[in-house]
Amino acid sequence: MADTAAPVNPASDEPSLVAAPAEDHPLLRVENVVKHFPIKRGIFFKRQIGSVQAVEGVSLEVRRGETLGLVGETGCGKSTLARCITRLYPLTSGQVIFDGADISRLSARQLRTYRRRMQMIFQDPFGSLNPRRRVGSIIGDPLAIHGIADGGERKRRVQELMEVVGLNPEHYNRFPSEFSGGQRQRIGVARALALRPSLIVCDEPVSALDVSVQAQIINLLEDLQGEFNLTYVFIAHDLAVVEHVSDRVAVMYLGKIVELAETAELFGSPRHPYTAALLSASMVADPEKARSSHRVVLYGDVPSPINPPSGCRFHTRCPKAQPICSVDEPPLRVQAGDPAGHVTACHFPVAPGEQLVGAAPPISATATAFAAASPDISEGGGA
Amino acid sequence: MSLLSVRDLTVSFPTSDGVVRAVRGLSFDVEAGQTLGIVGETGSGKSVSALSLLGLNPGADISGSAVFEGTELLALRQDQLRRVRGAEIAMIFQDPLSSLHPYYRVGWQICEAIRTHRRTSRAEAMRQAVELLRMVSIPQPERRVSAFPHELSGGMRQRAMIAMALALRPKLLIADEPTTALDATVQAQLMELLGGMQRELGMAMIVITHDLGLVATVADSVLVMYAGRGAERADYRTIFRSPHHPYTRGLLASIPGAAGSGGRLVPIVGQPPSLIRIPSGCAFHPRCPFAMDVCVRDQPPFVPVSGGEGHLSACWLPPDAVGVDAAADVARQRYVEGRRGPAIARLRAAVAGARPGGAVAHG
Amino acid sequence: MSLSPFEVDSASLVAEDEQSAEALDAIAGIEGRSPLRLALARLRSDRVAWLAAGMILLMVVLALIAPVLSSMTGHSPYNPDLVNGTDSFGQPYGPGQAGFLLGTDNVGRDILVRVAYGARISLLVGILSTLLATIGGTALGLVSGYYGGWIDALLARLMDAVLSFPYVLAAIVLAAVFGGSLPLTIGVIAFFSWAAIGRIVRGQTLSQKEKEYVEAARSIGAGSFRIMFVDILPNLIAPVIVLGTLLVPVAIVFEATLDYLGVGVGPPTPTWGNMLADDQGSAGFGAWWFWVFPSIALLITTLGFNLLGDSVRDALDPRTERLFAMRRKKVAAAGPDASAGAGTEPLSDGTEA
């Protein structure tokens, strides 16, 4: 039931930038990406007094045609990572390799070629569209910037795109304020689609939408993926949505990936205590599951990314923490008994069937929570 | 007798574009110690109705009745309402920052909340404030009472707000989208806390939310609202297992992981209507897959249906048309078939006419 | 799954589930207006705006017909005419005497003609210098706010410096060095006005550049210039228009001040400032028409622009919708004066305490 009604097949009228897409390497490889935001003080001579460690050594691969879900709570760095991948932020260190080419050090000018193949959909359907510009020019912008189409040709293309995402092409001249939230998100999708990208990074694309409209957008994204052979990095905090759309899921905590696995594997047998707690905390819209499941309640707040805990960053809130966890940082690796694609960064992974006990936090954790709550950095920088 | 009994509540706002009819004849009851979940999308009138009970909608035209422990709330003067607010009925809001005054210390604000309603000494109120903060598990409450709101983390602010709301042991707590801005683990903390406080204080709760997951977790009974009216009301199991109203059915089909969804999501078509121009008959009919001629013409009454005890629904489908599985949908479909006439034909024609280039080939 | 009647039927009823969203909207009748059209509509409903526009129009007409007035009456705005313009004792005519509607000045020039010519200078200086200041201030404010860093530090300090400079003193010095002239006056006024606009634009840019739409523009490969002038600038138009409108009267008064002090456009050019400074000679304060008419002209012009600026500000500010709704209601004189609540899901407006 895809949008096969679209009069053209947009994938065919733009020659691909790469001559022959090599299938042997992943579309996107992120290696050891680090992003720190400096905190500066002073008026004339700013000196750095610290930094928000938003993303701290993240590595992952995104395969052609798949949807990689990225979950985590506020301040875990998932949105920052998304902006590092799309190079909206310069990296502090590490590499982003897109289709075999390292784009992590390219200048803005050099990046333009890659921008055509890598797009982003934003969370806020109100903030991400310029309120003073007409829908036609918003969607046509990518075509104008990259000199792909002009005048009547551009208008024709934009109207095609509007039809593809389920908007009335006659509304070409309207302003964003004349559309509802779901329709605005369709405008954002059309803009991202205009350059026929191969990768779209979706940053919480449905979080701000009403339930019934959410499903419309999720279905639209799924249809487009099939039709245009898209690869998605899908960021969300709603676990049900991520489970629904993703092929594989990565879980982030305080700037690091703590677990990554196939969706069914991760939701079925989470190994990292944080993943387990996150899954048990999410409220499923099913009364039996919602009330019968054992809920692991984590205590305290997420520590400050300015001064993250030593060792495993989760140890201050972890119900299974041992002394070694505060000293030694566990690497992301395949745990005993797990399939090859399931990696977890934990010294004491949760055994299948094990029930975590939501223990009251140790005193040191409380102290960390206070540090996190100290003035002007309480919610951390970054994302 | 119910703790709170709302009958035929109607709220409208005059604006420059026309009259916004936010709530149109809403009736519900809240029993002592129970939790009522009010579910709806943006513009369904769910928040407006709660705010109106407490006289927090200046400028609105309100009619109907809302009896709380024998007192008619809608007839109270502002100063009488102030006595009810906080002491008898407390409210917590979505945004913890906007509900705490940024320039006063947290403890002082809680003290004021207490001393507005009770004659207590400042020292005694402060002692209670510390105790309340301890109750909502804010660590080191003796220190935290003298903190300013911005010195607390988001989760702690939310908990401080709850402490303030519960300071006078209200009989009813209205939580307006209490978890919307929060992360999953914080949500879980918060709802556990609220549940514990509810048991301890024996208070009733109204949880207003768009999150069916939250309702599935905490509510005893559920009221689904659409375009300012009650669409369906039942205990939480019935709502998820045997919904009657196609809107409830549609919501369940559009949420990943919900009872009625499986595989591809089935969204409800279109958008919620503008509250200035509400569709005729049943307001849901333009989006309803089971719309019949009568739905375009007449507004369905809120009547008992067969999902279980106290199951009410405002829909013209027969009372036994309940359920989320395919068989239930087929039964609804069969019932509808003979009842579609010129009105539905006109609706289809209007939809086709509004589309560019008429009908679109369907894949 | 696709066999669920719920799905099949929703499709047959309204063509196709997702694409039908639009169509249903058309039925629901959701429509909107562009921000500019909305502002214009509000402006049209504003009586004060009409009054202000009328005052400004009066001055514009006066400026336009100045040569006509001059040729009709045969009175030159520049040349003294002691023969026809003064009485037999060499005293100026009062208003209405000897065919001089507003009287004559010391040297027999028609005050009406001179006021009309003065309107030309005042409007020219007011509008041109404001235009220059607005363009310069907007461009520099945008650059300063968008780039940040040392560029911003430099420009922001420059704006502070300009704003705190004793501009009258500077104008006197400049006039002393270069001699007063029209271009110099316009230049001086523009130079001392741009910083006010620049500072506002810089602040707005700082907040606009954090919006997601700017990030979206960068993600599709837009360069800095495009982002500044295509994406951010349209969002600054409202405050710039308001500020610009309010700067015009300031510039006009500024010009009059410079003329009055003798460091602006020098005599014999007929400007209101010069006329105010005209020697009242032996007539003394008895010749009230010397200063009353240029003052009235000045007052009407500045008041007109100020009122218009206020109205434009109200019209462009979405927060004033309530005000306009009430005004409309009053105009319609319909029903009780219930205050309008705008939203359908109002935010919390109080605590429970």
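Data table
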quantity: Sole exception among (1) away from chain C (no Cβ under 11 Å); (2) not in a helix (DSSP H, G or I) for A:Glu153, by number; calculated: (2)
quantity: Candidates C:Pro267, C:Pro249, C:Pro239, filtered to the one that is part of a loop (DSSP other than H, G, I, E, B) and out of contact with any His (no Cβ under 9 Å at 6 or more places or on another chain); calculated: C:Pro267
quantity: Matching residues in the range B:282-325 - criterion: being part of a helix (DSSP H, G or I) and surrounded by 15 or more Cβ atoms within 10 Å (Cβ to Cβ); calculated: B:His285, B:Pro286, B:Arg287, B:Asp293, B:Val294, B:Cys295, B:Val296
quantity: Which numbered condition A:Arg83 misses (of (1) modelled with pLDDT under 90; (2) within 14 Å of chain C (Cβ to nearest Cβ); (3) in a helix (DSSP H, G or I)); calculated: (1)
quantity: Which listed residue is modelled with pLDDT of 80 or more, of a type in the set (Val, Ile, Thr) and open to solvent by 40 Å² or more (accessible area, probe 1.4 Å), from C:Ile237, C:Ile227; calculated: C:Ile237
quantity: Residue under evaluation A:Gly166, criteria (1) farther than 23 Å from A:Leu81 by Cβ; (2) more than 12 Å from chain C (Cβ to nearest Cβ); (3) touching a residue at least 40 places away in the same chain (Cβ under 8 Å), criterion not met; calculated: (2)
quantity: Filtered residue count, the range B:74-99, keeping only those that are more than 8 Å from chain C (Cβ to nearest Cβ), in a loop (DSSP other than H, G, I, E, B) and either in contact (Cβ under 8 Å) with a residue 12 or more places away in the chain or aromatic (Phe, Trp, Tyr) (or both); calculated: 3
quantity: Given (1) within 30 Å of C:Ile300 (Cα to Cα); (2) modelled with pLDDT under 90; (3) of a type outside the set (A, V, I, L, M), index of the condition C:Gly198 fails; calculated: (2)
quantity: Any chance C:Thr138 is closer than 30 Å to C:Arg199 by Cβ and surrounded by 22 or more Cβ atoms within 10 Å (Cβ to Cβ); calculated: yes
quantity: Counted residues, the range C:166-182 - those being among the aromatic types (Phe, Trp, Tyr) and surrounded by 15 or more Cβ atoms within 10 Å (Cβ to Cβ); calculated: 1
quantity: Single condition B:Asp61 does not satisfy, out of (1) modelled with pLDDT of 90 or more; (2) open to solvent by 20 Å² or more (accessible area, probe 1.4 Å); calculated: (1)
quantity: Test: residue in the range B:166-179 that is open to solvent by 10 Å² or more (accessible area, probe 1.4 Å), part of a strand (DSSP E or B) and among the acidic types (Asp, Glu); calculated: yes
quantity: Residue match in the range B:105-115 (condition: closer than 17 Å to B:Met197 by Cβ, in contact with a helix residue (DSSP H, G or I) (Cβ under 9 Å, 6 or more places away or on another chain) and within 14 Å of chain A (Cβ to nearest Cβ)); calculated: no
quantity: Unmet requirement for A:Asn130, which otherwise passes all of (1) buried (at least 17 other Cβ atoms within 10 Å of the Cβ); (2) more than 9 Å from chain C (Cβ to nearest Cβ); calculated: (2)
quantity: Yes/no for C:Thr104 being of a type in the set (Val, Ile, Thr), under 35 Å from the mean Cα position of the chain (by Cα) and more than 22 Å from C:Ser295 (Cα to Cα); calculated: no
quantity: Pairs, first free of Cβ contacts under 8 Å to residues at least 12 places away in the same chain and facing another protein chain (nearest Cβ under 7 Å) in the range B:143-158, second of a type in the set (A, V, I, L, M, F, W, C) and open to solvent by less than 10 Å² (accessible area, probe 1.4 Å), C-beta under 7 Å, six or more apart; calculated: B:Glu151/A:Ala373; B:Ser153/A:Ala372; B:Ser153/A:Ala373
quantity: Residue count for the range A:52-74, restricted to those that are outside any strand (DSSP E or B), of a type outside the set (D, E, K, R) and open to solvent by less than 30 Å² (accessible area, probe 1.4 Å); calculated: 1
quantity: Candidates A:Glu227, A:Glu265, A:Glu178, filtered to the one that is open to solvent by 10 Å² or more (accessible area, probe 1.4 Å) and within 11 Å of chain C (Cβ to nearest Cβ); calculated: A:Glu178
quantity: Only one of A:Ser104, A:Ser12 that is away from every other protein chain (no Cβ under 14 Å), open to solvent by less than 30 Å² (accessible area, probe 1.4 Å) and at pLDDT below 90; calculated: A:Ser104
quantity: Those strands (runs of 3 or more DSSP E) lying entirely in the range B:1-62 with at least 3 residues over 25 Å from B:Phe240 (Cα atoms) and within 10 Å of another protein chain (Cβ to nearest Cβ); calculated: B:4-15, B:18-30
quantity: Sole exception among (1) open to solvent by 40 Å² or more (accessible area, probe 1.4 Å); (2) out of contact with any strand residue (DSSP E or B) (no Cβ under 6 Å at 6 or more places or on another chain); (3) among the β-branched types (Val, Ile, Thr) for B:Val84, by number; calculated: (1)
quantity: Qualifying position, being under 21 Å from C:Leu233 (Cα atoms), among the β-branched types (Val, Ile, Thr) and over 20 Å from the mean Cα position of the chain (by Cα), among C:Ile151, C:Ile172; calculated: C:Ile151
quantity: Flag for C:Ile252 being more than 27 Å from C:Thr302 (Cα to Cα) and β-branched (Val, Ile, Thr); calculated: no
quantity: Inter-residue pairs, beta-carbon under 7 Å, first touching a residue at least 12 places away in the same chain (Cβ under 8 Å) and at the interface with another protein chain (Cβ under 7 Å from one of its Cβ atoms) and in the range C:212-238, second among the hydroxyl-bearing types (Ser, Thr, Tyr) and assigned to a helix (DSSP H, G or I), 6+ apart; calculated: C:Asp231/C:Tyr213
quantity: Top-ranked residue of the range A:317-334 - restricted to ones that are part of a loop (DSSP other than H, G, I, E, B) and under 25 Å from the mean Cα position of the chain (by Cα), ranked as nearest to B:Met156 (Cα to Cα); calculated: A:Arg317
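The values are calculated or read from the model by the stated rules, or taken from the named source; none is laboratory data. None of the values given here were measured: they were computed from a predicted structure. Every residue, glycine among them, receives a Cβ derived from its backbone with ideal geometry; neighbour counts consider all protein chains shown. Just the protein is used for accessible areas: all its heavy atoms, side chains included, with ligands, DNA and RNA removed. Shrake-Rupley method; radii C 1.70, N 1.55, O 1.52, S 1.80 Å.
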